[in-house]
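A.B. asks: The following block contains the structure, expressed as structure tokens.
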Amino acid sequence: MREKDVVITGLGVFSSLGNNVDSVWEDILVNRSGIKLIPRDSWLSGHGVHLLAQAVPSSDFSQFYSRWNVNKKVVRNMSRASNMFCYSALSALEHAGFTSPSDLPDTRSGIIVGTGTSLCDEHQSTPIQDRNPTWFLDTYPNITLGQAALITGITGFGTTIVNACTSASLAIGQAYQMLKNGEADVMLVGGSDSRLSPSFLSGFSQLNMHTRSDDAERAMRPFDKLRSGFVLGEGAAALVLESREHAERRGATILASICGFASSMDAYRMTDPCPKGKEKAMRWALEDAKLSPQNIDYINAHGTSTLANDREEATATHHVFGEDAL
């Protein structure tokens, strides 16, 4: 069977820089930061952490969801991570030219979500007998997928990937492979996570991963010799992927092509990075795309700003791209 070309036709975002793709991109180009100081009276203050990148609340949730005839009760019962992803997902679908579930191919469309686990810290201050009966569902990693299906009406293939920082990337990669192999025509993919809780803040802090800096403009500085760790954030993003022939057949605007994908593990240690797995993934992705390192103009690094990860990531990138990566 001939492999199909895979393209991106829609984008959606919910981030500390806002919820509109165009305005977020403009902020990135002028180096605007979404990092803010934690107010001293916040429940999140303490644990040696001073900064967060919290997503900007949207004032038009109700109006936005009403365009898709979404039940208000469904929206009310969504966790923050689910709400952010569903907003991003509908934004991406509209950006791609879909305005209702009936526009999507029934069994030939699906959803793949990358996310993390939830400790449901927000429920701890409420006695168990006083909690919403559905509160426990928020602990399930696939709750976001289920709510995205309710919101979008997509009934085809669906799965959740929980794989730490690579979850959303793997969601894109799996959808890419499905589309390339002709298993689907349209896939809604992306990721969402919100771990802004005392438990997660203290956990990252004890692992010496979160910066102790209180300088919102200069704290997050990957690959800088003065780096001291990352700033924890939250957010969501979604992409609409299609086979090129399906996108062209419906007259969609093609934003980009996905040419290759690969994933690997280093089998090293749980919290210490190793360059071998990173190097393999990059080499295999180039091989899948039938490209050479010299064909690449931009490298999107993990860039955690931790001493160990930045060092090993830089080593792996140098091994693959040589002096061109410097």
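The values are calculated or read from the model by the stated rules, or taken from the named source; none is laboratory data. What you are looking at is a predicted structure, and each value in this text was computed from that prediction instead of being measured. Every residue, glycine among them, receives a Cβ derived from its backbone with ideal geometry; neighbour counts consider all protein chains shown. To get the accessible areas, we keep the full protein, side chains included, count just its heavy atoms, and leave off ligands, DNA and RNA. Shrake-Rupley method; radii C 1.70, N 1.55, O 1.52, S 1.80 Å.
A.B. asks: Please indicate, with yes or no, whether at least one residue in the range 207-215 is out of contact with any Gly (no Cβ under 9 Å at 6 or more places or on another chain), more than 30 Å from Asp288 (Cα to Cα), of a type in the set (Lys, Arg) and surrounded by fewer than 15 Cβ atoms within 10 Å (Cβ to Cβ).
C.D. replies: No: zero hits.
A.B. asks: Filtering the range 225-249 down to residues that are of a type in the set (A, V, I, L, M) and over 28 Å from Asp185 (Cβ atoms), which residue is most open to solvent (accessible area, probe 1.4 Å)?
C.D. replies: Step by step, filter the range 225-249, then rank; the result is Leu226.
A.B. asks: Glu234: charged (D, E, K, R) and part of a loop (DSSP other than H, G, I, E, B), yes or no?
C.D. replies: Criteria not met by Glu234.
A.B. asks: Restricting to the range 308-326, name every residue that is of a type in the set (A, V, I, L, M) and surrounded by fewer than 20 Cβ atoms within 10 Å (Cβ to Cβ). I'd like the intermediate steps shown before the answer.
C.D. replies: Initially, the range 308-326 is screened for residues of a type in the set (A, V, I, L, M), giving 308, 314, 316, 320, 325-326.
Ala308, Ala314, Ala325, Leu326 - these are the residues of the range 308-326 that are of a type in the set (A, V, I, L, M) and surrounded by fewer than 20 Cβ atoms within 10 Å (Cβ to Cβ).
A.B. asks: Criterion first (closer than 30 Å to Thr99 by Cβ and either outside any helix (DSSP H, G or I) or out of contact with any helix residue (DSSP H, G or I) (no Cβ under 8 Å at 6 or more places or on another chain) (or both)) does Glu242 satisfy it?
C.D. replies: yes
A.B. asks: Among the residues of the range 289-326, what is the count of those that are in a helix (DSSP H, G or I) and touching a Gly at 6+ places or on another chain (Cβ under 6 Å)?
C.D. replies: Within the range 289-326, the subset in a helix (DSSP H, G or I) is 289, 293-295, 307-325.
Checking which are touching a Gly at 6+ places or on another chain (Cβ under 6 Å) leaves us with 289.
The total comes to 1.
A.B. asks: List every residue pair whose Cβ atoms sit under 8 Å apart, with the two residues 6 or more apart in sequence or on different chains, where the first one lies in the range 261-288 and is without any contact (Cβ under 8 Å) to a residue 12 or more places away in the chain and the second, anywhere, is part of a loop (DSSP other than H, G, I, E, B).
C.D. replies: So the pair list comes out as Tyr268/Cys274.
A.B. asks: Now for a different question. Please determine, by comparing only the residues of the range 23-76 that are part of a loop (DSSP other than H, G, I, E, B) and among the aromatic types (Phe, Trp, Tyr), which one is surrounded by the most Cβ atoms within 10 Å (Cβ to Cβ).
C.D. replies: Here is the first cut: in the range 23-76, the residues part of a loop (DSSP other than H, G, I, E, B) are 30-35, 38-45, 47-48, 50, 54-60, 67-71.
Pick out the ones that are also among the aromatic types (Phe, Trp, Tyr) and you get 43, 68.
Values: Trp43: 13, Trp68: 17.
My answer is Trp68.
A.B. asks: Please indicate, with yes or no, whether at least one residue in the range 14-28 is of a type in the set (A, V, I, L, M, F, W, C), touching a helix residue (DSSP H, G or I) at 6+ places or on another chain (Cβ under 6 Å), in contact (Cβ under 8 Å) with a residue 60 or more places away in the chain and within 27 Å of Ala96 (Cα to Cα).
C.D. replies: yes
A.B. asks: Spot the failing condition for Pro222; the list is (1) open to solvent by less than 30 Å² (accessible area, probe 1.4 Å); (2) under 19 Å from Gly233 (Cβ atoms); (3) touching a Gly at 6+ places or on another chain (Cβ under 6 Å), and only one is missed.
C.D. replies: Of everything listed in (1) open to solvent by less than 30 Å² (accessible area, probe 1.4 Å); (2) under 19 Å from Gly233 (Cβ atoms); (3) touching a Gly at 6+ places or on another chain (Cβ under 6 Å), Pro222 misses just condition (1).
A.B. asks: Ok, one more. Within the set of pairs 6+ apart or on separate chains, which have a first residue in the range 174-192 that is within 22 Å of Gly97 (Cβ to Cβ), a second that is open to solvent by 20 Å² or more (accessible area, probe 1.4 Å) and part of a strand (DSSP E or B), and C-beta atoms under 6 Å apart?
C.D. replies: Tyr176/Ile258; Val189/Leu239; Gly190/Ala237; Gly190/Leu239
A.B. asks: Sticking with this structure for a sec: Find the helices (runs of 4 or more DSSP H) located wholly in the range 128-213 whose residues include 2 or more that are modelled with pLDDT of 90 or more and farther than 18 Å from Ser88 by Cβ, and list them. So that I can check it myself, show each step before the final result.
C.D. replies: On the way: elements: 143-152, 167-180, 198-206.
Helices (runs of 4 or more DSSP H) meeting the threshold: 167-180.
A.B. asks: Another question, then. Pairs, please: C-beta under 6 Å, at least 6 apart or cross-chain, first residue under 17 Å from Ile172 (Cβ atoms) and in the range 237-250, second in a strand (DSSP E or B) and not aliphatic (A, V, I, L, M)?
C.D. replies: Close Cβ pairs (under 6 Å, with a partner that is in a strand (DSSP E or B) and not aliphatic (A, V, I, L, M)) amount to Ala237/Gly190; Ala238/Gly12; Ala238/Gly190; Leu239/Gly190; Val240/Thr9; Val240/Gly10; Glu242/Thr9; Ala247/Thr9.
A.B. asks: Go through Phe157, Phe98 for me and flag whichever is within 29 Å of Ala252 (Cβ to Cβ), open to solvent by 60 Å² or more (accessible area, probe 1.4 Å) and aromatic (Phe, Trp, Tyr).
C.D. replies: The conditions single out Phe157.
A.B. asks: Moving on to the next point. Any chance you could count how many residues in the range 227-265 are basic (Lys, Arg) and under 10 Å from Thr9 (Cα atoms)?
C.D. replies: 1
A.B. asks: In addition: Give the residue, chosen from Ser305, Ser292, that is touching a strand residue (DSSP E or B) at 6+ places or on another chain (Cβ under 7 Å), among the small types (Gly, Ala, Ser), open to solvent by less than 90 Å² (accessible area, probe 1.4 Å) and more than 21 Å from Ile172 (Cα to Cα).
C.D. replies: Ser305
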